Ligand code: IMP
């Protein structure tokens, strides 16, 4: 079985990725490989952040590795919070604060269009490949649902009646930004499984 490191310790993301990948690959976390470092995520784009994280692990620990970076891009806010999604309300803030800030900024805004966008960088045998997935939707006026994480309670994907936090994980993974980017990664790995 192919072993691959996912450069994260975010348990929500690990769970999601393992559910999407099923038993095709063994996915190891940073903790699994003994990496306790805080890998910087302060670049200006999702692509640069994902690349930096994957390259960092490959170069330092020698494992084939992939890393993702995700942003919520709200059109009326010129793409914010975007690459700053994790720390939109300030360093060390929690999702609740980020959600409150977004809802406040959109208080009098009727154009509520937004998308989640994920970029995955895979470094395999030293070579990088990038995969992207996105999902369009709108920002709700108040939180809906208890599941998911991050901005899930205020994101209603286009064509659906439940927020990401209200739908079960299978349904979210089937249409989500990360799910779509992951499907591209999996298709790639399946077609190049036995590189030296
Ligand atoms: P990350 O850098 O890829 O971890 O994502 C940055 C931030 O975007 C996270 O801290 C979350 O607040 C948010 N985020 C990422 N993925 C999701 C998702 O699937 N649902 C809701 N929020 C997300």
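The values are calculated or read from the model by the stated rules, or taken from the named source; none is laboratory data. All figures in this text were calculated on a predicted structure; none of them were measured in a lab. Backbone-built Cβ (ideal geometry, glycine too); neighbour counts: all protein chains shown.
If the condition is being assigned to a helix (DSSP H, G or I) and surrounded by 13 or more Cβ atoms within 10 Å (Cβ to Cβ), then region 16-41 contributes 16, 17, 18, 19, 20, 21, 32, 33.
Yes or no, residue by residue, for (1) at pLDDT below 95; (2) buried (at least 19 other Cβ atoms within 10 Å of the Cβ); (3) at negative phi; (4) touching a helix residue (DSSP H, G or I) at 6+ places or on another chain (Cβ under 6 Å):
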site: 50; (1), (2), (3), (4): no, yes, yes, no
site: 55; (1), (2), (3), (4): no, no, yes, no
site: 79; (1), (2), (3), (4): no, no, no, no
site: 85; (1), (2), (3), (4): no, yes, yes, no
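Kindly provide the set of residues from region 94-132 that are within 19 Å of residue 143 (Cα to Cα), assigned to a strand (DSSP E or B) and touching a residue at least 40 places away in the same chain (Cβ under 8 Å), ordered by number. Of everything in region 94-132, those that are within 19 Å of residue 143 (Cα to Cα), assigned to a strand (DSSP E or B) and touching a residue at least 40 places away in the same chain (Cβ under 8 Å) turn out to be 114, 115, 116. When you check residue 44 against the structure, is it more than 10 Å from the ligand (Cβ to nearest atom), under 20 Å from the mean Cα position of the chain (by Cα), in contact (Cβ under 8 Å) with a residue 24 or more places away in the chain and loosely packed, with under 13 Cβ neighbours inside 10 Å, yes or no? Yes.
Against the conditions (1) modelled with pLDDT of 95 or more; (2) not in a loop (DSSP other than H, G, I, E, B), residue 44 satisfies every one except (2). Taking the numbered list (1) touching a strand residue (DSSP E or B) at 6+ places or on another chain (Cβ under 7 Å); (2) more than 25 Å from residue 175 (Cα to Cα) in turn, residue 40 passes all entries but (1). Scanning region 137-149 for residues that are touching a strand residue (DSSP E or B) at 6+ places or on another chain (Cβ under 9 Å) and at pLDDT 95 or above yields 137, 138, 139, 140, 144.
Out of all the residues in region 76-93, which are more than 9 Å from the ligand (Cβ to nearest atom) and either in contact (Cβ under 8 Å) with a residue 40 or more places away in the chain or under 22 Å from residue 145 (Cβ atoms) (or both)? Of everything in region 76-93, those that are more than 9 Å from the ligand (Cβ to nearest atom) and either in contact (Cβ under 8 Å) with a residue 40 or more places away in the chain or under 22 Å from residue 145 (Cβ atoms) (or both) turn out to be 89, 93.
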